[in-house]
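Take a look at the structure set out below.
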Amino acid sequence: MNEEIKQIIWEKIGAYRRIMLFRHSRMDGDCAGASRGLRALLRATFPEKQVLLVDGQQSDYLAFLGPDDAPVPDGDYSDALAIVVDTATRERISNQKYALCREIVKIDHHIETDPYGAVNWVEEERSSVCEMVAAFYETFRERLVLTREAAEYIFMGMVTDSGRFRFGGVTGETMRLAGMLLDAGVDTETLYANLYLQDYAALKFKAYVYENMQRTEHGVAYIHVTGDMQRRFGLSFETASSVISYLENIRGCLCWLAFIECEQPEEGVRVRLRSRFMSVNAIAEKYRGGGHACASGATVYTQEEQEALIRDADEAAKEYQKTHAGWM
Ligand code: AMP
């Protein structure tokens, strides 16, 4: 069935002169890599088409990618095909002008709750949307032109969303597709330097986090990052949010949480929820969020709500431990 959907998407791409790419707000490596990678793939294959990625959002972590395309008049959207990657719901699409496009294709690996496309290609078990883009290339490889640039973008998304090929969704096919991209000449040394070198200030912040993290009775690790902390360590909101990854390897902690105060108090506190084995998306959903079983996001507005969320996570961890022998 997915082969059929890929064929339909291929035909849609063929039918349009202008193709606009879209992704989600608070860009990450996967949606950035998939949108950039598709743009490079389609531009190299169809030089006569206009393929644009107009987004306007910035990311410190991905600043090395450089800017997206300049804005275009609203009228340019109306005869375009929109391809939206990695975005489960329409509100999360960062450039809301997607709605002006004539037709929408959704390509995503999140749980399907909002099939907003005329065509919806959703494979929840994929480790990244970039893996789907790589699979799309593989299906039409006789007709698509994979440049080194395209391969680097797509590989970047596969690496970042799978935690460097460590997370559960990684399969043999993930690795085969990644191998195909490497064969196209990906410069992994430069890519990993761009992705993983850390600023001195960020490392000082890491030391602070390990000094101040806390743990509930049933092993939920958490940290709260105030606005003051962000200013003291000279952190962008995005770098402060990356604190979640510092907590991921604690023995006995199946679940870890980061609470990051937003710049404007009325925006509340961003919650990032992560887990191993047990799932956290139901907890996120209770606090204005959602996501994947082991990676979700939410928002809380008061200290009481934050404490209630921690209690819920602790309860879920307790329940998991009770029903699963041998957990780590
Ligand atoms: P984050 O911690 O923001 O990287 O979020 C992890 C995952 O949870 C993302 O892949 C999103 O799919 C999802 N997510 C984050 N925030 C929300 C939200 N407010 N509503 C629904 N899903 C979310």
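The values are calculated or read from the model by the stated rules, or taken from the named source; none is laboratory data. Quantities reported herein were computed from a predicted structural model and do not represent experimental measurements. Here the Cβ positions follow ideal geometry from the backbone for every residue, glycine too, while neighbour counts run over all protein chains shown.
Quick one: count up the residues across the stretch 181-201 that are in a helix (DSSP H, G or I) and buried (at least 18 other Cβ atoms within 10 Å of the Cβ).
Our first condition is that a residue be in a helix (DSSP H, G or I); within the stretch 181-201, this holds for 181-183, 188-196, 200-201.
So of that shortlist, the ones also buried (at least 18 other Cβ atoms within 10 Å of the Cβ) come out as 181.
Residues that pass the stated criteria total 1.
Phe46 passes all but one of (1) among the aromatic types (Phe, Trp, Tyr); (2) in contact (Cβ under 8 Å) with a residue 60 or more places away in the chain; (3) crowded, with 16+ Cβ neighbours inside 10 Å; which number fails?
Of (1) among the aromatic types (Phe, Trp, Tyr); (2) in contact (Cβ under 8 Å) with a residue 60 or more places away in the chain; (3) crowded, with 16+ Cβ neighbours inside 10 Å, only one is false for Phe46: (2).
Within the stretch 318-328, restricting attention to residues that are outside any helix (DSSP H, G or I) and without any contact (Cβ under 8 Å) to a residue 24 or more places away in the chain, which residue is farthest from the ligand (Cβ to nearest atom)?
Restricting attention to the stretch 318-328, the residues satisfying the condition of being outside any helix (DSSP H, G or I) are 324-328.
Subset that is without any contact (Cβ under 8 Å) to a residue 24 or more places away in the chain: 325-326.
Working: Ala325: 29, Gly326: 27 Å.
Going through the qualifying residues, I end up with Ala325.
Tally up the residues in the stretch 273-304 that are within 14 Å of the ligand (Cβ to nearest atom) and either among the acidic types (Asp, Glu) or assigned to a loop (DSSP other than H, G, I, E, B) (or both), please.
So in the stretch 273-304, the residues within 14 Å of the ligand (Cβ to nearest atom) come out as 273-275, 279-301.
Those left that are additionally either among the acidic types (Asp, Glu) or assigned to a loop (DSSP other than H, G, I, E, B) (or both): 279-280, 285, 287-289, 292-294, 301.
Result for the stretch 273-304: 10.
Of the residues Glu315, Glu248, which is closer than 16 Å to Arg215 by Cβ, within 13 Å of the ligand (Cβ to nearest atom) and surrounded by fewer than 17 Cβ atoms within 10 Å (Cβ to Cβ)?
Details: Glu315 fails: within 13 Å of the ligand (Cβ to nearest atom).
Exactly one of Glu315, Glu248 is closer than 16 Å to Arg215 by Cβ, within 13 Å of the ligand (Cβ to nearest atom) and surrounded by fewer than 17 Cβ atoms within 10 Å (Cβ to Cβ), namely Glu248.
Give the stretch 49-86 a look and list any residue that's in a loop (DSSP other than H, G, I, E, B), closer than 21 Å to Arg102 by Cβ and in contact (Cβ under 8 Å) with a residue 60 or more places away in the chain, or say none.
Asp79, Ala80, listed by residue number.
Do you know which residues across the stretch 106-145 are of a type in the set (Phe, Trp, Tyr) and under 12 Å from Ala34 (Cα atoms)? Break it down stepwise before answering.
Filtering the stretch 106-145 down to residues of a type in the set (Phe, Trp, Tyr) leaves 116, 121, 136-137, 140.
If the condition is that a residue be of a type in the set (Phe, Trp, Tyr) and under 12 Å from Ala34 (Cα atoms), then Phe136, Tyr137 are the ones that fit.
Report yes if Ser241 is over 25 Å from Ala313 (Cα atoms), within 16 Å of the ligand (Cβ to nearest atom) and assigned by TED's automatic domain parsing to the domain that holds His292, otherwise no.
Values: over 25 Å from Ala313 (Cα atoms): no; within 16 Å of the ligand (Cβ to nearest atom): yes; assigned by TED's automatic domain parsing to the domain that holds His292: yes.
Judged against the criteria, Ser241 is not a match.
Go through the residues of the stretch 197-210 one by one and say whether even a single one is more than 24 Å from Cys262 (Cα to Cα) and of a type outside the set (A, V, I, L, M, F, W, C). Let's see the steps before the verdict.
Just the residues of the stretch 197-210 that are more than 24 Å from Cys262 (Cα to Cα), to begin with: 197.
Still in the list and also of a type outside the set (A, V, I, L, M, F, W, C): none.
No, the stretch 197-210 contains no residue that is more than 24 Å from Cys262 (Cα to Cα) and of a type outside the set (A, V, I, L, M, F, W, C).
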